[in-house]
Amino acid sequence: MSGIGTGYDLSVSTFSPDGRVFQTDYAQKAIDNSGTVVGIKCKDGVVLGVEKTIVSKMLEKGSNKRTFPVDRHAGMAVAGVIADGRQVVNRAFDEAVQYKSFYGDSIPGQVLADRVASFVHVFNLYWYARPFGTSVLLAAYDDSGPQLYVVEPSGNCHRFFGTAVGKGRQAAKTEIERLKLGEISCEQGVVEVAKILYSVHDEEKPFELEISWICDASDREFRRVPDAILEAAEQQAKASLEESDMED
Amino acid sequence: MDHLRAYADALERELSQEVSLGTTIMAATFDGGVVLGADSRTSTGNYIANRVTDKLTQLTDRVYVCRSGSAADTQAISSYVQFYLHQHQMELNDEILVKTAASLATKLVYSNKEALQAGLIVAGYDSREGGQVFALPLGGTLVKVPFSIGGSGSAYIYGFCDKNWRPGMSEEDCQAFVVKAVGLALARDGSSGGCIRTVVITKDGVRRSFLPNDKIPPAYGNLSFQGTTAMPVDTA
């Protein structure tokens, strides 16, 4: 990240001599500093969890949402600049609607991910544009089963069993690797995601947990996890956090 | 020479009309697939422009369309749908659904409904829903049906088809049903004729067959009374 002062970091339309596009790297930085977002694919669906920092004591609970449905069978979680993220979510929504009206069937997860990635990528090509300061996690459930994708500001798109972006991503990914994702259900997955987000959270600031899923329990539709299940998961997460603190 | 001039004028008038598929087409589902059938006549007024036309056009590996109405319009629509489905195949990298082909066709027909004369039947097989038939009549409506008949000749066989189509037929029974129905329409409809073409689509692939005009089983109305015909009389 040594583009500063060299003049190569002002525009996405110029490569640096060692082959980087610094604006794209900086966009990634915007995400690396934001609240952690975790996604895991369980045996019956996908769970997306967001660590949402509470910016003011006077904020109502549930404001500034970071998970969004895109179609009945797909949804997204946004890390980084939410305003940018909503732009990406809106595009995903439009793609899903357009696909369905043209081809008469719901957009497959892979196609949606590719199309969103193409959209995001275009903002890395022109001097008058800046890349999105956001990474989106895309959960979809179609004929080929549940899927989890991540679209980065560069336009890169990867499919994962489980992944994390944002501030606590390293620790979160280590925790995810420990899970037996092929064996646990989404009900257990919600608890694991809550535990991970509580464990990677920097204790100084208050935060709100937002978890959405798409699985058999949600009729294979992308929805926010019901309050009762979310609260139970948070209780378990807090309990296991205290347990591990005792050990320390 | 005046009579020749009159004849030439009449022929000129005849040939300057639109090339049209005054037609009998149909498609029917059975256990495991679909059968499509069509006659082979293309007319320009009273003139038969082609007596061995193929009105069963391939859209994808396992989806075909039966065309009726204007030959030019339905050919153009089919080739647009082929083009869009080809593009779709590139993006999807998976089996194309029959309803996707039907949806594309109806989009084209509906958005150009004032300019087109096209009655289509889209039929095929996909592993999600098996054999399917979609009727796509003039205005651009899209209806999923167990079987469908179309073209001028179909008016004569509604009763026959309503009575004889059954759910869960075997492939052989269904093909026999289609050939019989198209044969009956050919016998009564002046604008249908020639041969009978069929396409059978299952999970195993596509099988085409062709029944020449002289092999079409005669309908009762075609037979003369009391054995004055060489044709066999079905006494069953």
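The values are calculated or read from the model by the stated rules, or taken from the named source; none is laboratory data. Quantities reported herein were computed from a predicted structural model and do not represent experimental measurements. Backbone-built Cβ (ideal geometry, glycine too); neighbour counts: all protein chains shown. Heads up: the accessible areas ignore ligands, DNA and RNA and are worked out on the full protein's heavy atoms, side chains in. Shrake-Rupley method; radii C 1.70, N 1.55, O 1.52, S 1.80 Å.
Compactness of the range A:77-141 was expressed as the Cα radius of gyration divided by 2.2 N^0.38 Å, which yields 1.15.
In chain B, what percent of the accessible surface is made up of carbon and sulfur (1.4 Å probe, ligands and nucleic acids excluded)? Its accessible area is 52 percent carbon and sulfur atoms. The mean count of C-beta atoms from other chains within 10 Å of the C-beta of residues in B:117-128, rounded to a whole number, is 0.
Annotation: per residue accessible area for the protein assembly as shown equals 51 Å², rounded to a whole number [probe 1.4 Å, protein chains only]. With a/c under 1.5 counting as rounded, go ahead and sort the range B:153-195 into rounded, prolate or oblate using the C-alpha gyration tensor (a ≥ b ≥ c being the square roots of the eigenvalues; past the cut-off, prolate if a/b is larger than b/c, else oblate). It is oblate, given that a/c is not under 1.5 and a/b is not larger than b/c. Dipole check for the protein assembly as shown: with +1 at the C-beta of Lys and Arg, -1 at the C-beta of Asp and Glu, and the Cα centre as origin, the magnitude is about 1340 Debye.
In the assembled protein chains, B:VAL199 presents an accessible area of approximately 0 Å² (probe radius 1.4 Å). Within the listed set B:MET26, B:MET90, B:MET169, the Gaussian network model of chain B (springs between alpha-carbon atoms below 10 Å) gives the highest mean-square fluctuation for B:MET90. A DSSP coil position with no more than 14 other Cβ atoms inside 10 Å describes the following trypsin sites (Lys or Arg not before Pro) in the range B:1-64: B:ARG51. Computed from the C-alpha gyration tensor, the three semi-axes of the ellipsoid equivalent to the range A:175-248 are 23, 15, 10 Å, from longest to shortest.
The value for the range B:27-153 of Rg(Cα) / (2.2 N^0.38 Å) is 1.02. Taking 7 Å steps out from each Cα toward its Cβ at B:ASP54 and A:THR6 produces label points 6.1 nm apart. The charge dipole of the range A:91-198, taken about its Cα centre with unit charges on the Cβ of Lys, Arg, Asp and Glu (plus for the first two, minus for the last two), comes to roughly 460 debye. Working from the Cα coordinates of the protein assembly as shown, the gyration tensor eigenvalues give, after taking √(5λ), semi-axes of 63, 27, 16 Å in decreasing order.
In units of the compact-protein estimate 2.2 N^0.38 Å, chain B shows a Cα radius of gyration of 1.08. The residue among A:PRO226, A:ALA237, A:TYR128 whose Cα reaches farthest toward the positive pole of the charge dipole of chain A, with charges on the beta-carbon of Lys, Arg, Asp and Glu, is A:TYR128. Whole-Hz Karplus values for the range B:157-164 come out as 10, 4, x, 4, 5, 4, 7, 9 Hz, taken residue by residue from phi with 6.51 cos²θ - 1.76 cosθ + 1.60 and θ = phi - 60°; glycine and proline positions read x. Hull volume per residue, based on the alpha-carbon atoms of chain A and their convex hull, is 151 Å³.
Note down the accessible area of B:SER16, probe 1.4 Å, to the nearest 10 Å². My reading of the accessible area for B:SER16 is about 90 Å².
The charge dipole of the range B:29-180, taken about its Cα centre with unit charges on the Cβ of Lys, Arg, Asp and Glu (plus for the first two, minus for the last two), comes to roughly 480 debye.
Report in % the part of the accessible area of chain A that belongs to carbon and sulfur, leaving out ligands and nucleic acids; probe 1.4 Å. Roughly 51 percent, rounded to a whole number. Here's the picture: charge each Lys and Arg Cβ at +1 and each Asp and Glu Cβ at -1 in the protein assembly as shown, and of A:GLN110, A:VAL190, B:VAL98 the one pushed furthest to the positive end of that dipole is B:VAL98. For the range B:75-209, place one equal point scatterer on every Cα, skip the solvent, and apply the Debye formula. What is log10 of I(q)/I(0) at q = 0.09 Å⁻¹? Calculated log10 I(q)/I(0) at the listed q: -0.30. Across every pair of non-identical alpha carbons in the range B:93-138, the mean reciprocal distance, once inverted, gives a Kirkwood radius of 11.3 Å. Taking amide H positions as modeled 1.01 Å from N, with prolines and chain starts lacking one, the residues under 5 Å from B:ALA49 and 5 or more places away or on another chain are B:THR42, B:SER43, B:THR44. The Kirkwood hydrodynamic radius of the range A:121-171, based on inverse pair distances between different Cα atoms, is 12.5 Å.
Solvent-accessible surface, computed for protein heavy atoms with a probe of 1.4 Å, shrinks by 20 Å² or more for the following residues of the range A:96-143 when the other protein chains are added to the isolated chain: A:TYR99, A:SER101, A:PHE102, A:TYR103, A:GLY104, A:ASP105, A:VAL111, A:ARG115, A:ASP143.
The trypsin sites (Lys or Arg not before Pro) found in the range B:93-187 that occupy coil by DSSP, while having at most 14 further C-beta atoms within 10 Å, are B:LYS113, B:ARG128.
Dipole orientation for chain A: of the candidates A:THR174, A:ASN64, A:ALA217, A:ASN64 has the Cα lying most toward the positive pole (charges on Cβ; Lys, Arg +1; Asp, Glu -1).
Accessible area buried by the pairing of A and B, both sides summed with a 1.4 Å probe, works out to roughly 1000 Å².
Which FRET efficiency, nearest 0.05, do B:TYR7 and B:ASP173 yield, Cβ-Cβ r, R0 41 Å? For R0 = 41 Å, the calculated efficiency reads 0.25. The alpha carbons of the range A:33-101 occupy a box of 43, 29, 23 Å along the principal axes, longest dimension given first.
Using a Gaussian network for chain B with springs between C-alpha atoms less than 10 Å apart, which of these wobbles most: B:ASP214, B:ASP54, B:ASP39? Highest fluctuation among the options: B:ASP214. Between A:LEU48, A:LEU230, A:LEU179, the Gaussian network model of chain A with springs among Cα atoms under 10 angstrom shows the greatest mean-square fluctuation at A:LEU179.
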